[in-house]
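Asks: Provided herewith is a single structure, encoded as structure tokens, for subsequent inquiry.
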Amino acid sequence: MAGRGRPPKPSAIKVLEGNPGKRPLNKKEPKPKKVAPKCPSWLLPDAKKEWKRLSKELEAMGLLTQVDMAAFAGYCQAYARWKEAEMDLSLKQVQVTSNKFLKYRFQLKA
């Protein structure tokens, strides 16, 4: 059987919104330490660079915690793959034919 109603908003979001309902905030809500997790060794090299670039800033703002490791690693890995795909496509000229197939013409840009 499904739960009733919306799930409760985290207290941090209520504070940012100015606590519009004026109800008491949950004092027992779990609060993860605001310390950036270590960079996973399995990330691609460009993903590791993105991790190092953003983790310091996000940690300083209090937005990155140990709990966010998997989601942040997923973002960094997706960024690295996107960058690799963009580099790959910049070396090729892609055309979409009338039957919706991709046609590649390899052509190096100067």
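The values are calculated or read from the model by the stated rules, or taken from the named source; none is laboratory data. Since the model is a prediction, treat every value here as computed from it, not as a measurement. Positions of Cβ are backbone-derived with ideal geometry, glycine not excepted, and every protein chain shown enters the neighbour counts.
Asks: Here is a list: K22, K34, K83. Which entry is in contact with a Gly (Cβ under 6 Å, 6 or more places away or on another chain) and either assigned to a helix (DSSP H, G or I) or surrounded by fewer than 16 Cβ atoms within 10 Å (Cβ to Cβ) (or both)?
Replies: K34 is the lone residue from the list that is in contact with a Gly (Cβ under 6 Å, 6 or more places away or on another chain) and either assigned to a helix (DSSP H, G or I) or surrounded by fewer than 16 Cβ atoms within 10 Å (Cβ to Cβ) (or both).
Asks: I'd like to verify a number: residues in region 1-18 that are at pLDDT below 90, part of a loop (DSSP other than H, G, I, E, B) and within 27 Å of the chain's Cα centre (by Cα), how many?
Replies: Matching residues across region 1-18 total 5.
Asks: Could you tell me how many of the residues in region 41-64 are in contact (Cβ under 8 Å) with a residue 12 or more places away in the chain, more than 19 Å from W82 (Cα to Cα) and over 13 Å from the mean Cα position of the chain (by Cα)?
Replies: 3
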